[in-house]
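Engineer: Got a structure here, written out as structure tokens. Questions coming.
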Amino acid sequence: MASSTTHARSAATGPLSRAGWSVCRLALPIRKTLGGKLSHTPLDRPVVRLVRRAMRIDLHGGSLGELAVDVLAIPVFENELVHSWAFREVDAALGGLLGKTLADEGFDGASEKTATLHVPAHIAAGRVVVVGLGPAKSFRPADARLLGASAARVAGRAAAKRVGVALPDTPARPEALVEAAAAGLELGAYRYDTYRTEAAKDAPRRASIVLPSGSARDRKSARAGIERGALIARCVNEARDLVNGPANEITPTRLADYARALAREHGLGVEVLDRKKCEKLGMGLFLAVARGARETPRFIHLTYAPKGRKAKRSVALVGKGITFDSGGLSLKTAKQMEDMKTDMAGGAAVLACMAAIARLRPPIRVHAICAATENMPSGDAYRPGDVFRSMTGRSVEVLNTDAEGRLTLADALGYAVRQKPDEIIELSTLTGACMVALGRYTAGLMSRDDALAARLLAAAHEAGEDFWRLPLVERLSEDLRSEVADCKNIGSGYGGAISAGHFLVPFAKDVPFAHCDIAGPASAERAWGVHPKGATGIGVMTLVEYVTRTLPADA
Ligand code: BES
Ligand code: ZN
Ligand code: ZN
């Protein structure tokens, strides 16, 4: 099952379309990075797959009944079973058995509900999974991801190789549906099994997507849709790998290695600053957080520049990169620490999305910036009461060393401003307060710039990720006043997500700035939507949508 490094390299360098329109290829440098040199690994038997194989995805032209797959996913809208063309076709072939089974089970097509039926005869598919898409009137193309993901998940459990996905009959553009289905297939096939000694069941290898009979079928744009969907989903899966990766493996150095590998594969600019260089730049806040850690910090900067033409606009993406957050001297409890390897989810998202951006070649200059370090207690650790100066010159009184993300981000923002971007978008697992406010499925967006906020919310909506704007209530910024420095790093405790937002704002100076708190949706307590338990890769799809579609249309 494990592919060789050679495979990795050929998959990486081949042009997206070389091997035929049904194949999507994307380098997976993290697999190589992890597989290549597990130098100081404490695990005595590291089990590492070098490359996760890309699924072969094609468009099926024939009838549904003839589609020879192990698992066939078919869509139904809520309380509209009989209006689903796929349902009608399969039900007719089965002599009404499908409808009867669904009625017996009380299946109504509510969103994310599925029903699986083994089919011994009459159609070529081995089993059918009926996927509820919720009410037809609220359907968005991104919802079709659920179809691909359900097919891949059912197939994965059964170790089945071939899957089929029937798309719903809606006014949406066919290529948008095809793109979503392809993304769903890759997202649903994802498993984090790098360290499982016992080989997990194989993920499905081949998939066919079927458009409603009679719908306009432009092969070229369908192919582009498949490639785009699978490409972006594989970036999400890379971000998931980084976030699921344990903190003893995914260190700041490893994150930097990943960024360098991305740069090599995709022709991006890369710069990695060590402690000394950060000192020279005056990153007093980032280095204060890094002081207590044995692991050396890394400040990571990737750049994508459009080739042969002038960039229409420049955007800096900044991600929080705390590879483990113990809280520092303001130590967390054991329970609070359990999931703190995920405290670099923002950094993982801004780095991983660069592979898709490089391939999709928008006319926009893009910086991905991540100040990576652990937050640890030690004799060298920074203390509550300490005062440090940021790269921008602003001084900060640290009253809680567990509010470390905003400190590292402050210097990352200072560095981003120096790149002279037209705007800065920052993603971070910043506050427990944001999870309290919005729950585990929704990211909190804060910005003083209404136009930027509106653009980002629109991109998130298109990308099918849930972002909700929180107000930067002016009076709450008063909580950050310090007697001894320009500000302190914690507020009063009330409105904690917003005080964190306020803390960041001055560091972006006069550059339009949006802060996205992804503490809730960065990882899932249990599987939901297209996500398995664990890392979700939140942000990648929104950022790619924003940079490749929202901005180019707007600029
Ligand atoms: N990384 C945490 C935020 C977090 C908590 C993310 C739970 C995901 C799940 C952050 O560094 C932190 O500890 N924030 C503190 C801030 C407080 C000390 C002002 C928090 O939210 O409690
Ligand atoms: Zn913290
Ligand atoms: Zn943190």
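The values are calculated or read from the model by the stated rules, or taken from the named source; none is laboratory data. This structure is a prediction, so every number in the text was calculated from the model and none was measured. Reconstructed Cβ throughout: ideal geometry from the backbone, glycine too, with neighbour counts over all protein chains shown. Note: areas computed on protein heavy atoms with side chains; ligands, DNA, RNA excluded. Shrake-Rupley method; radii C 1.70, N 1.55, O 1.52, S 1.80 Å.
Engineer: Listed residues Leu117, Leu81, Leu97; which is without any contact (Cβ under 8 Å) to a residue 40 or more places away in the chain, open to solvent by 20 Å² or more (accessible area, probe 1.4 Å) and either touching a Phe, Trp or Tyr at 6+ places or on another chain (Cβ under 6 Å) or not assigned by TED's automatic domain parsing to the domain that holds Ile209 (or both)? I'd like the intermediate steps shown before the answer.
Structural biologist: Working: Leu117 fails: either touching a Phe, Trp or Tyr at 6+ places or on another chain (Cβ under 6 Å) or not assigned by TED's automatic domain parsing to the domain that holds Ile209 (or both); Leu97 fails: either touching a Phe, Trp or Tyr at 6+ places or on another chain (Cβ under 6 Å) or not assigned by TED's automatic domain parsing to the domain that holds Ile209 (or both).
Only one candidate qualifies: Leu81.
Engineer: List every residue pair whose Cβ atoms lie under 7 Å apart, where the two residues are 6 or more positions apart in sequence or sit on different chains, the first residue falls within segment 329-357 and is not assigned by TED's automatic domain parsing to the domain that holds Thr303, and the second residue, located anywhere, is away from ligand 3 (no atom under 14 Å from the Cβ) and basic (Lys, Arg).
Structural biologist: No pair meets every condition.
Engineer: In addition: With Thr401, Thr408 as the choices, which residue is open to solvent by less than 20 Å² (accessible area, probe 1.4 Å), touching a residue at least 40 places away in the same chain (Cβ under 8 Å), in a helix (DSSP H, G or I) and among the hydroxyl-bearing types (Ser, Thr, Tyr)?
Structural biologist: On the way: Thr401 fails: in a helix (DSSP H, G or I).
After applying the criteria, what remains is Thr408.
Engineer: Among (1) open to solvent by 60 Å² or more (accessible area, probe 1.4 Å); (2) under 22 Å from Ser390 (Cα atoms); (3) among the hydrophobic types (A, V, I, L, M, F, W, C); (4) without any contact (Cβ under 8 Å) to a residue 24 or more places away in the chain, there is one condition Leu480 misses while meeting the rest; what is its number?
Structural biologist: (1)
Engineer: Might you let me know whether segment 523-532 holds any residue that is more than 30 Å from Gly132 (Cβ to Cβ), of a type in the set (Ser, Thr, Tyr), assigned by TED's automatic domain parsing to the domain that holds Ala460 and crowded, with 19+ Cβ neighbours inside 10 Å? Outline the logic, then answer.
Structural biologist: Taking segment 523-532 and keeping what is more than 30 Å from Gly132 (Cβ to Cβ), we get none.
No, the conditions are met nowhere in segment 523-532.
Engineer: Mind listing whichever residues of segment 323-362 are within 14 Å of ligand 2 (Cβ to nearest atom), β-branched (Val, Ile, Thr) and in contact with a helix residue (DSSP H, G or I) (Cβ under 6 Å, 6 or more places away or on another chain)?
Structural biologist: Once the filter is applied, which keeps residues that are within 14 Å of ligand 2 (Cβ to nearest atom), β-branched (Val, Ile, Thr) and in contact with a helix residue (DSSP H, G or I) (Cβ under 6 Å, 6 or more places away or on another chain), segment 323-362 yields Thr323, Thr342.
Engineer: Would you check if Arg440 is of a type in the set (D, E, K, R), open to solvent by 10 Å² or more (accessible area, probe 1.4 Å) and more than 21 Å from the chain's Cα centre (by Cα)?
Structural biologist: In short, no.
Engineer: Looking at Ala451 and the list (1) surrounded by 24 or more Cβ atoms within 10 Å (Cβ to Cβ); (2) more than 16 Å from ligand 1 (Cβ to nearest atom); (3) over 23 Å from Gly284 (Cα atoms), which single condition is not satisfied?
Structural biologist: Every listed condition holds for Ala451 apart from (1).
Engineer: Moving on to the next point. What are the residues in segment 338-366 that are open to solvent by 10 Å² or more (accessible area, probe 1.4 Å) and more than 14 Å from Ser523 (Cα to Cα), if any? Outline the logic, then answer.
Structural biologist: Looking only at segment 338-366, we keep the residues that are open to solvent by 10 Å² or more (accessible area, probe 1.4 Å), and these are 338-342, 358-361, 363, 365.
Passing the criteria: Ala358, Arg359, Leu360, Arg361, Pro363, Arg365.
Engineer: Looking only at segment 354-384, filter to residues that are within 16 Å of ligand 3 (Cβ to nearest atom) and in a strand (DSSP E or B); which one of those is farthest from the chain's Cα centre (by Cα)?
Structural biologist: The initial filter retains those residues of segment 354-384 that are within 16 Å of ligand 3 (Cβ to nearest atom), namely 370-377, 381-382, 384.
With the extra rule that they be in a strand (DSSP E or B), the set shrinks to 370-375.
Working: Cys370: 15, Ala371: 18, Ala372: 18, Thr373: 20, Glu374: 21, Asn375: 23 Å.
Here the answer is Asn375.
Engineer: Please go through segment 144-173 and pick out each residue that is without any contact (Cβ under 8 Å) to a residue 40 or more places away in the chain and polar (S, T, N, Q).
Structural biologist: Thr170 - this is the single residue of segment 144-173 that is without any contact (Cβ under 8 Å) to a residue 40 or more places away in the chain and polar (S, T, N, Q).
Engineer: Within segment 483-493, track down each residue that is more than 16 Å from ligand 3 (Cβ to nearest atom), touching a residue at least 24 places away in the same chain (Cβ under 8 Å) and of a type outside the set (D, E, K, R).
Structural biologist: Val484, Ala485, Cys487
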